[in-house]
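Heads up, the thing below is written out as structure tokens.
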Amino acid sequence: MASVRFTVTPTKAEDLPGLSDTSPDISSRSGARVRFGSRESVNRSDPLSDASGGAGTETPDHSSVEQGDGNSKISSVYINNSHCLDDDDFYDKNLALFEEEMDTRPKVSSLLSRLANYTNLTQGAKEHEEAESIGEKKKAGKSPHMGTFMGVYLPCLQNIFGVILFLRLTWVVGNAGVLQALCIVFICCCCTLLTAISMSAIATNGVVPAGGSYFMISRSLGPEFGGAVGLCFYLGTTFAGAMYILGAIEILLMYMAPNAAIFESKSPEGEGAAMLNNMRVYGSICLLLMSLLVFVGVKYVNKLASIFLACVIVSIVSIYVGALVSAFKPPQFPVCMLGNRTINGHEIDDSQCFCLVVKTTYLWKQFCQSPELNSSCDQYFTSNNFSEIEGIPGLASGIISENVWSSYLSKGDVVEKSSLSSSHLAPPASTHQPYVFTDIATSFTLLVGIFFPSVTGIMAGSNRSGDLKDAQRSIPIGTILAILTTSIVYLSSVVLFGACIEGVVLRDKFGDSVKGNLVVGTLAWPSPWVIVIGSFFSTCGAGLQSLTGAPRLLQAIAKDNIIPFLRVFGHGKANGEPTWALLLTTLIAELGILIASLDLVAPILTMFFLMCYLFVNLACALQTLLRSPNWRPRFSYYHWTLSFLGMTICLALMFISSWYYAIVAMVIAGMIYKYIEYHGAEKEWGDGIRGLSLSAARFALLRLEEGPPHTKNWRPQLLVLLKLDEDAHVKSPRLLTFASQLKAGKGLTIVGTVVSGNFLQSYGEALAAEQTLKHLMDKERVKGFCQCIVAQKPREGISHMIQSSGLGGMRPNTVVMGWPHAWRQSEDPQSWKTFINTVRVTTAGHLALLVPKNISLFPSNSEPCSEGYIDVWWIVHDGGMLMLLPFLLRQHKVWRKCGMRIFTVAQMEDNSIQMKKDLATFLYHLRIEAEVEVVEMHDSDISAYTYERTLMMEQRSQMLRQMRLSKSDRDKEVSSGLRDRGPSSIQMTWTKEKTSHYRATHSGCSTPEGFRDMLSIRPDHSNVRRMHTAVKLNEVIVNKSHDARLVLLNMPGPPRNSEGDENYMEFLEVLTEGLERVLLVRGGGSEVITIYS
């Protein structure tokens, strides 16, 4: 018979289980495709099937069809068929042993082909594991072609060199001194270098999609940390854009076009406020223009990037050339001094410092009350002389000896040169006088926070990983080389600035002493305008890069769907541009613009970047210490100690630069973390935190295994046994409610059930039962685990569950199970027999047992008891369970307002007064507040009621035994008939008449003689005694505790002989009769409460 053959190949990446961690496409032959595991999806109306004479409907299970290039091939399903020599067929025949696995798993050739055609996904893809479907028409993408130099090194240089180098580094050197400035630069560069080493290890541990730092952190530390740190990194990048724009506006208004200021102040006190308002207006306009440029197209930003990078390089080269030239020919930038105080050089000529005695000048008018030579003048002005010093003494001047040490100033201080002599008897300088004043107080910690943004930008290479030819090689080399280059530039710049520029000029933030020139520009060659123009364009370019990268980072976080309220920012234009994310980025950057001060914005983004770097180091250290099997970085020059050192430096820098900003940043990250944990979408990325949890759990379990727990550490670890009905619904859900009240959410809770049947056939039912238990646990807010066991008999399954639940020291020590309802009326005695068997198993396993009776009457979590008592009837000592359980229950809101009463029973020979005192003392030492009462039980004759109750119990027991005996006799005859006659001649010998006759002769109660025999039964003496105890105790308990909210009672042990099981159930019924809510408690044989601390 002809057969039809289908070659099965996957159509999507999701169809390949076990390959969810990779994102490449599968390449396979064109033509019709059928997914793995879809043999039944063959179209029976196929022409090939019709041509085979109806064979299509009778095609064997192992048949398949291959269609390629329009030509059909028909081949047999049998291995020894030699009619077809197609390569795929030959391959399949050679692997016929694995043909069942090939329904769900790919062949190696398909897998390798898929990996070979890997392409990087764009940043912000929903999941990096997802790939585009096969067969869809895609545009021929440009293959990654960028190398280490162009793809990583230069972008990192452009992002690291920024506004701080040109506007604030000279000021940092002037205030901190060369030594402390070197220390600041060295610490910051060490921080980024160690972070880059950790980042290189993470980036080379597998294929890096173009997701950058967010991808690395989230996939290494999990969605909670990833989302929190990703948003912090986003905020840092956004505020960095605001800082670059403020830097560009400062250069524009201070050094390029001072006359462009809109707001001007007539008094010196208002100049600062006016300048801030100008920064806000121009900064907002600049931000709007840049956002429009980014919205129009990123390609224009990328085209301008090379121009901006050239500006940075030219500016830095001009500084070095200018420093070398100053050794031979220092540039002429004279600084006018009055005594040792620096004079603002905006309004004076070079010659005015020496002509004050001859004629009145601008300076004379500033210090004296009138232009006359004999007018009264400022005391400091009259007692000190003017002098002129060189602002740029040059490399060979030896000025570095004066700039080695720090010179921190307070707000409003005059910039002074300590080596010049002056009269200090004069009063403090007035802001109306033309001195150079400091605008903010300086300190080491402040300078760290302001300088650190100048070393950020090390993630630029990893952000471009999608464009790199070999990302795993280029990212480590390019990033580390860029950091080393920039570190050398910064360290050498500190030394050059200290060796070439006068100290008062270095401490002059805005260059007022050198006629408003940019301080670093005074050192540049051939003109200060090289630095001014170069720094302006470089800061504009850095701002554009931030406004380009930040929205894409936010879009990546939004598309990962870990923070629900950010989903809207995952959408954008048709080409994927993040429009909504750009709008939010612009609004947040506007907040930074409104702050308007570069020195105030810099510490904010310092916090966010440091937090990001901290978690990069943490991720690397965790993965290294946990030794995850998947942790195999190609970059081998890392160690967990380096990562921890980097993490420590990041944390120290956060609190050194600004402790309150550090706390705010941590609070923001913590809030985002908790939000994702409670409300975000669940993700499983194989992160390091999960590995850390596993290692911590393993360590804790091994520690718990070292010895038995001390009494002080004993707490109920519950195994809650639930029963499911035919529809897989829990019969007594209040049992789980009670367990949650007992645990108050703490400790181990295992919820278990038994499914009757065979595991191979009932596996699906077991999964459904497990899901039912999980939903109920979520509803009742019970933290724990669920376990479902499939067994032929429920009692065997429960026994197995009690023996095997838990792990190591985290095993259940208390079993909670329900009371078998209506056990007397039940035709099947298995329910209460299973109950008694479970009692025996827990006793044998030395486990405590809790049996709530009338569980449906127990309060739910939404029904707190406003008053009442929890009564404890302490009959025998069980290790203290009866004392501990009410205390635990009262920790829950449902039972919190209930009082506690403890009753104990005294016999005739006991001293009840002394017992009450001793019990009160015992409870005092246990730190348990409860009312104490001793109930005296006098010896009394066995009542007729007790005798009658025992007689009824034994009569009922004998009747049931006779009925079970008659059934066993019938079963025996049926089985003997099966053996004697064989399967072909089986007949039912038990007819209706024979059954009636047997009952008349054997039942013992169908005849007057049998009835008299039943009445003449004398109850067993031991049963009468037990019934007497149950009746008397019940009378006392009902009398004292009829109004109690809950009664806790010692549970008697089951009989050793199983023949008395039914009597045991009757005793328990009598004992608890007339009580609304009862908790039968049986201790595990160990002490669970102690008077010692």
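The values are calculated or read from the model by the stated rules, or taken from the named source; none is laboratory data. Small disclaimer: the values here were computed from a predicted structure and weren't measured. Here the Cβ is made from the backbone with ideal geometry for all residues, glycine too, and neighbour counts use every protein chain on show. Areas reflect the complete protein model, heavy atoms only, side chains present, ligands, DNA and RNA absent. Shrake-Rupley method; radii C 1.70, N 1.55, O 1.52, S 1.80 Å.
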**OP:** Tell me which of these Ile389 doesn't satisfy, since it passes every other one: (1) of a type in the set (A, V, I, L, M); (2) in a loop (DSSP other than H, G, I, E, B); (3) farther than 30 Å from Thr539 by Cβ.
**Re:** (2)
**OP:** Output the qualifying pairs, or none if there are none: Cβ atoms under 9 angstrom, residues six or more apart or on different chains, first residue in region 328-343 and without any contact (Cβ under 8 Å) to a residue 60 or more places away in the chain and polar (S, T, N, Q), second residue open to solvent by less than 40 Å² (accessible area, probe 1.4 Å) and outside any loop (DSSP other than H, G, I, E, B).
**Re:** none
Subject >> Close pairs from region 709-729: first assigned to a strand (DSSP E or B), partner aromatic (Phe, Trp, Tyr) and at pLDDT 80 or above, Cβ under 9 Å, at least 6 apart >> reply: Val720/Phe738
Original post:
Restricting the first residue to region 1023-1046 and requiring it to be in contact (Cβ under 8 Å) with a residue 24 or more places away in the chain, which pairs with a second residue that is open to solvent by 70 Å² or more (accessible area, probe 1.4 Å) and part of a helix (DSSP H, G or I) meet a Cβ separation below 8 Å and a spacing of at least six or different chains?
Top reply: Val1024/Tyr947; Val1031/Tyr945
Subject >> Subset of region 661-719 that is small (Gly, Ala, Ser) and within 29 Å of Leu736 (Cβ to Cβ) - its residue that is modelled with the lowest pLDDT >> reply: Ala681
**OP:** Quick one: Val1024 ticks every box in (1) β-branched (Val, Ile, Thr); (2) at pLDDT 55 or above; (3) over 30 Å from Gln830 (Cβ atoms) except a single one, so which number is it?
**Re:** (3)
**OP:** Within region 315-336, count every residue that is assigned to a helix (DSSP H, G or I) and surrounded by fewer than 17 Cβ atoms within 10 Å (Cβ to Cβ).
**Re:** 4
Original post:
When you scan region 570-581, how many residues do you find that are surrounded by fewer than 24 Cβ atoms within 10 Å (Cβ to Cβ) and either touching a strand residue (DSSP E or B) at 6+ places or on another chain (Cβ under 9 Å) or part of a helix (DSSP H, G or I) (or both)?
Top reply: 3
Original post:
Only one residue in Thr843, Thr834, Thr838 is out of contact with any helix residue (DSSP H, G or I) (no Cβ under 8 Å at 6 or more places or on another chain), of a type in the set (Val, Ile, Thr) and surrounded by 14 or more Cβ atoms within 10 Å (Cβ to Cβ), so which one is that?
Top reply: Thr843
Original post:
Across region 443-477, which residue is nearest to Ser410 (Cα to Cα) among those that are open to solvent by 40 Å² or more (accessible area, probe 1.4 Å) and at pLDDT below 90?
Top reply: Asn463
Subject >> Conditions (1) at pLDDT below 90; (2) over 34 Å from the mean Cα position of the chain (by Cα): number failed by Gly809 >> reply: (2)
**OP:** Would you be able to tell me the number of residues in region 864-917 that are open to solvent by 10 Å² or more (accessible area, probe 1.4 Å), touching a residue at least 60 places away in the same chain (Cβ under 8 Å) and part of a strand (DSSP E or B)?
**Re:** 4
Original post:
When you go through (1) open to solvent by less than 10 Å² (accessible area, probe 1.4 Å); (2) at pLDDT 85 or above one by one for Asp560, which number turns out not to apply?
Top reply: (2)
Original post:
Say we look at region 1038-1059 and pick out the residues that are assigned to a helix (DSSP H, G or I) and modelled with pLDDT of 85 or more; which of these is surrounded by the most Cβ atoms within 10 Å (Cβ to Cβ)?
Top reply: Ser1041
Original post:
Which residue out of Gly880, Gly899, Gly868 is modelled with pLDDT of 85 or more and on the phi > 0 side of the Ramachandran plot?
Top reply: Gly868
**OP:** Tell me, please, whether a residue that is more than 30 Å from Tyr214 (Cα to Cα) and either among the charged types (D, E, K, R) or assigned to a helix (DSSP H, G or I) (or both) can be found in region 421-431.
**Re:** no
